[in-house]
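Report on the following structure.
The values are calculated or read from the model by the stated rules, or taken from the named source; none is laboratory data. Treat the numbers as computed from the prediction; the structure is a model and nothing was measured. Here Cβ is always computed from backbone atoms with ideal geometry, including for glycine, and neighbour counts include all displayed protein chains. Heavy atoms of the whole protein, side chains included, go into the accessibility calculation; ligands, DNA and RNA do not. Shrake-Rupley method; radii C 1.70, N 1.55, O 1.52, S 1.80 Å.
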Amino acid sequence: MATINDVAREAGVSKATVSKVINRKSSKIPISEITIKKVLEAATRLNYTPNRIAQNLRTGLTNCIGFLLCERLFSNKHYYVLLKYIESELANSGKNLIFSIYNPEDDLPHMLKERAVDGLLLAGRVTKDVVEKIQETNIPFLVIGSMADEAYDVNSLSGDTEKNVYAIFDYLLERGHRDIIYLSDYKEPLLIKKVFTGYQQAFIAHNLKPKPDQIKTIEDPYRDINNIFTEELEATAIVTHQHFLNTLIYIIQQRGMNIPDQISVFLFGDDFLDSWQKDYFTYLPSDSEQIATESVKYIMKLCNNEIEKVYKLISGKIRTGKTVKDIL
């Protein structure tokens, strides 16, 4: 098995230079791109793998970041896409990812009890109880998304739900729509409150009276959306989260309706859209890649004690397609 000394001899550089290149360490004396290339090529030829265990013993670090998904199924594609971007970002920083799904009724995962990670990203249904359990480990953590049950003073980064909902309804109201159905499966009180606040502010800004009953919570997509089309015939536009899209389109087709002539459709999120769908639909992006990139950046800063607090909201920019009709 090749050693760091073997790589140094092969590349014609010092052991210290190899260590800095392989471990991505900063150096007061810049290492040229030519030298970096020589070291990496030598390491590849010799099939050299750094001894991470030895590195961890020396530094007291694991070079691992945890991702804890709370009370959510990994089959939810949003988390799959988010995790994919996070893993890629961590790999670019020389870090490994440890993933676990967590049920608050269970003990904390081994990666936390055994301090197998330097930092933790929390997503899904993150409650105050979950946060307090994590805090007892003294492991730096960052909540991705909104807290589920109550506002809590934690490091967090998420999409700006309130601002995004406002932008969507403002866009539709500007185009003459007044009867707008919003389909959501949010169950977390804080998220629901942010949706209602953004919605109401948009109507008030247009000197219109809000219609809170048009915010619909979906449990059984086909049954509930079908019932909405039966009961809400006056609706001219529907805002839907992307995971309801297939069911919504099927019901619209069943009823012989046309988009956008008879019903306008606005999507919240774009993680699952094909390229042609991104051209066709009007939507507000999920910004999963940006959220992942920022999350990795801030959890690394927290792990390195470069910052003490993180609170950041990311708002999206509407992408216009062909599914919203002006009815002014």
(request) With just the Cα atoms of segment 167-220, tell me how far they stretch along each of the three principal axes, in Å, largest first. (result) 30, 21, 17
(request) Take the alpha carbon atoms of segment 117-275, find their radius of gyration, then divide it by 2.2 N^0.38 Å using N residues; give the quotient. (result) 1.19
(message) Probe of 1.4 angstrom, ligands and nucleic acids ignored: what's the accessible area per residue over the chain, in square angstrom?
(response) 53 Å²
(message) What are the equivalent ellipsoid semi-axes of segment 196-328, built from the alpha-carbon gyration tensor (square roots of five times its eigenvalues), in whole angstrom, biggest first?
(response) 33, 19, 15
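On average over all directions, what projected area in square nanometres does segment 93-187 have, based on the convex hull of its Cα atoms?
Over all viewing directions, segment 93-187 projects a mean Cα-hull area of 8.6 nm².
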(request) Tell me the label-point distance for the pair I192, L313, using the 7 Å Cα-to-Cβ offset, in nm and rounded to one decimal. (result) 2.0 nm
(message) Starting from 0.36 nm per residue, how many nanometres of slack lie between L328 and N226 once their C-alpha separation is accounted for?
(response) 34.0 nm
(request) Jot down the radius of gyration and Dmax of segment 188-257, Cα atoms only, both in angstrom. (result) 13.5, 37
(request) Pull up the cross-link candidates among the lysines for K95, meaning alpha carbon to alpha carbon under 21 Å and not fewer than 8 places away within one chain. (result) K20, K25, K37, K84, K113, K297, K301
(request) Just round it to a whole percent: the fraction of Cα-Cα distances in segment 151-240 exceeding 15 Å. (result) 60 percent
(message) For segment 273-328 and segment 210-267, what is the centre-to-centre distance using only Cα atoms, to the nearest Å?
(response) 24 Å
(message) Suppose the chain between T137 and N96 were pulled fully straight at 0.36 nm per residue; how much longer would it get relative to their current alpha carbon spacing?
(response) 12.8 nm
(request) Mind pulling the angle between the C-alpha long axis of helix 189-205 and the longest principal axis of the chain? Nearest 10 degrees, somewhere in 0 to 90. (result) 50 degrees
(message) Calculate the FRET efficiency for Y250 and A205 from the Cβ-Cβ distance with a Förster distance of 41 Å, rounded to the nearest 0.05.
(response) 0.75
(message) Distance between the C-alpha centers of segment 75-98 and segment 133-147? Whole Å please.
(response) 18 Å
(request) Can you pull a Stokes-Einstein diffusion coefficient for segment 289-328 at 20 °C (1.002 mPa s), Rh from Kirkwood over Cα pairs, as a whole number of µm²/s? (result) 162 µm²/s
(message) At R0 = 22 Å, how high is the FRET efficiency between K297 and K15 if r is their beta carbon distance? Nearest 0.05 is fine.
(response) 0.10
(request) Could you tell me how many degrees, from 0 to 90 and to the nearest 10, lie between the Cα long axis of helix 245-254 and the main elongation axis, the longest principal axis, of the Cα atoms of the chain? (result) 30 degrees
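Roughly speaking, what % of Cα-Cα pairs in segment 134-197 are separated by over 19 Å, rounded to a whole number?
Beyond 19 Å sits 44 percent of the P(r) for segment 134-197.
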(request) Working from Cα positions, state the angle (0 to 90°, nearest 10) between the long axis of helix 221-231 and the longest principal axis of the chain. (result) 30 degrees
(request) Equivalent ellipsoid semi-axes for the chain, as square roots of 5 times the alpha carbon gyration tensor eigenvalues: give them largest first, rounded to whole Å. (result) 47, 23, 17
(message) Report the gain in length on full extension from Q262 to K84: 0.36 nm times residue separation, minus Cα-Cα distance, nm rounded to one decimal.
(response) 60.3 nm
(request) For K187, tell me the accessible area in Å² from a 1.4 Å probe, rounded to the nearest 10. (result) 130 Å²
(request) Pop out the carbon and sulfur fraction of the accessible area of the chain as a percent, whole number, probe 1.4 Å. (result) 48 percent
